[in-house]
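Asks: Structure provided below as structure tokens; questions to follow.
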Amino acid sequence: MQPPFLLVDLDRTAPPSAGERQDRVLVGVAAQHRDPPQGFDVLLTGTPEPPRPWVACADPYATARLLKDVVTAQPAASVALVQVLRMGAGLAGSDRLVLESLAYSALQGGAGFHAWRDSGRRRPSRPAAVPVRLTRDGARLTATLDRPWVRNAFDAATRDALCEALHVAVADPSITRFDLRGNGPAFCSGGDLGEFGTSHDPAEAHLVRVRRSPAALLQRCAPKVTAHLHGACVGAGIELAAFSARVLAAPDTVIRLPEVGMGLIPGAGGTASLPPRVGRERTAYLALSGVELGVGEALAWGLVDEVTSPVAPPVVTGHG
């Protein structure tokens, strides 16, 4: 069996054939960016501020070695990620979500996720009575994630409440603007670790994700939506926000996709929402590396549209 990672030094070697890269993560490295070769999953360069799809690195060869370590540790999730991104480029947005969910469910039954789950990193769930608060001002509807004591970690109740709010935005033509916010120190810290791995039926979990999908609803009403980011925007916190027509970010915004390290891939729509903004290669880099992306680079990449003034200090009034 061929190894799951293939590094090509583009300063010395020609790109491989399609057959050589089919079941591997293909990373290209060049000291200076050039016209991007086709078929690579990640392209790294030492050129400062290179154009898409290249990723600038102080030491692109060292970064490539770090990616190799990730792929070696989580080969199934890493390969599934790049396959979903490759295939998704030819699919409609709604079909991309189905493809992502199918791959996510397959990985939930895999050894990589089971090892992460059994490592003891789950935390007790701390639900909210009202996980998403709605306010309306004329034609403007605001949905605020409201579990600040867990940095608005995204649990099933939050998902369902956000779906209800988005159904209103989709169905009511008098709503011309939908604002998505987060209460407390962070917009959203990602999936609630207290619920990770609690489903014993990955096939049923896939159907739930497809039937109760905030991502699918955001796709339908995206022109109305403005996401207001601050603090941690991890996993679902950036995957859902990226569907919005406008993404505004406070200076303290930090973005990260950690799922591959858990033996999974982004499962809240990230393989559909991020590529139109940053390209599939940069999406793969974020997901494989798990690197924290600051607001300046996110703005340069187009993952956020504007950097706003810092948010006011949060007022936390509930504890679930």
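Asks: What is the percent carbon and sulfur in the accessible area of region 1-160, measuring with a 1.4 Å probe over the protein chains and ignoring ligands?
Replies: Answer for region 1-160 is 54 percent, counting heavy atoms of protein chains only.
Asks: Next up: Taking 10 °C and 1.306 mPa s as the conditions, I'd like the Stokes-Einstein D for region 188-320 in µm²/s, using the Kirkwood hydrodynamic radius from alpha carbon pairs.
Replies: 102
Asks: Moving on to the next point. 5 Å is the cut-off here: which amide hydrogens, built 1.01 Å from N in the peptide plane, fall below it relative to GLY182, excluding neighbours closer than 5 in sequence?
Replies: LEU145
Asks: Mind jotting down the distance between the C-alpha centroids of region 129-208 and region 44-58, whole Å?
Replies: 35
Asks: Dividing the Cα convex hull volume of region 253-292 by residue count, how many Å³ per residue is that?
Replies: Per-residue hull volume (Cα only) is 67 Å³.
Asks: Express the relative contact order of region 165-320 as a whole percentage, based on alpha carbon pairs under 8 Å and six or more residues apart in sequence.
Replies: Result for region 165-320 is 24 percent.
Asks: OK, next. From the backbone phi of region 293-306, what are the Karplus-calculated ³J(HN,Hα) couplings (6.51 cos²θ - 1.76 cosθ + 1.60, θ = phi - 60°) in whole Hz, Gly and Pro given as x?
Replies: Per-residue couplings from phi come out as 9, x, 5, x, 5, 4, 5, 4, 6, x, 6, 10, 9, 7 Hz.
Asks: I would also like to ask the following. Indicate, rounded to the nearest 5 percent, the antiparallel portion of the DSSP beta bridges found entirely in the chain.
Replies: 20
Asks: For the chain, what number results from the quotient of the Cα radius of gyration and 2.2 N^0.38 Å?
Replies: Working it through for the chain, the quotient is 0.98.
Asks: Apply the Karplus parameterisation 6.51 cos²θ - 1.76 cosθ + 1.60, with θ equal to phi minus 60°, to every residue of region 36-41 and state each ³J(HN,Hα) to the nearest whole Hz, in sequence, with x for glycine and proline.
Replies: Once rounded to whole Hz, the list reads x, x, 7, x, 7, 8.
Asks: A further question follows. Under the classification rounded if a/c is under 1.5, otherwise prolate if a/b is larger than b/c and oblate if not, where does region 105-146 fall, given a ≥ b ≥ c as square roots of the Cα gyration tensor eigenvalues?
Replies: prolate
Asks: Would you grab the residues whose amide H sits under 5 Å from the one on ASP155? Only those 5+ places off in sequence or on another chain, please, with H modelled 1.01 Å from N.
Replies: ASP192
Asks: Once a ≥ b ≥ c are taken as the square roots of the eigenvalues of the Cα gyration tensor of region 1-123, is the result rounded (a/c under 1.5), prolate (a/b larger than b/c) or oblate (a/b not larger than b/c)?
Replies: Prolate.
Asks: Shifting gears a bit: In debye, nearest 20, what is the charge dipole magnitude of the chain about its Cα centre with +1 on Lys and Arg Cβ and -1 on Asp and Glu Cβ, if you could check?
Replies: 420
Asks: Separate question: By its C-alpha gyration tensor, with a ≥ b ≥ c as the square roots of the eigenvalues, how is region 197-258 shaped: rounded for a/c under 1.5, else prolate for a/b larger than b/c, else oblate?
Replies: It comes out oblate by the Cα gyration axes.
Asks: Given the -39500 (n - 2.57) contribution per DSSP H run of 4+ residues, what per-residue ellipticity at 222 nm results for the chain, rounded to the nearest 500 deg cm²/dmol?
Replies: -11000 deg cm²/dmol, from helical runs alone.
Asks: Would you mind working out the accessible area per residue for the chain, using a 1.4 Å probe, and quoting it in Å²?
Replies: Dividing the accessible area of the chain by its residue count gives 44 Å².
Asks: Hey, another quick one. Heavy atoms only, probe 1.4 Å: what % of the accessible area of region 165-320 goes to carbon and sulfur, would you let me know?
Replies: Taking all protein chains in place, region 165-320 shows 56 percent carbon and sulfur surface.
Asks: Starting at the first residue of region 75-81, write each ³J(HN,Hα) from the Karplus equation 6.51 cos²θ - 1.76 cosθ + 1.60 with θ = phi - 60°, in whole Hz, x for Gly and Pro.
Replies: x, 5, 5, 5, 5, 4, 4
Asks: Give the ranking of LEU293, LEU248 by solvent-accessible surface, highest area first, calculated with a 1.4 Å probe.
Replies: Per-residue accessible area, sorted high to low, gives LEU248, LEU293.
Asks: So, R0 is 22 Å and r is the distance between the beta-carbons of ALA300 and GLN38; what FRET efficiency does that work out to, to 0.05?
Replies: With R0 = 22 Å, the Cβ-Cβ based efficiency is 0.40.
Asks: Sequence-distant or interchain residues sharing an amide H contact under 5 Å with VAL25, placed H: which?
Replies: PHE5, LEU6
The values are calculated or read from the model by the stated rules, or taken from the named source; none is laboratory data. All figures in this text were calculated on a predicted structure; none of them were measured in a lab. Neighbour counts run over all protein chains shown; Cβ positions are idealised from the backbone, glycine included. The protein model used for the area step is the full one, side chains on, heavy atoms only, and it has no ligands, DNA or RNA in it. Shrake-Rupley method; radii C 1.70, N 1.55, O 1.52, S 1.80 Å.
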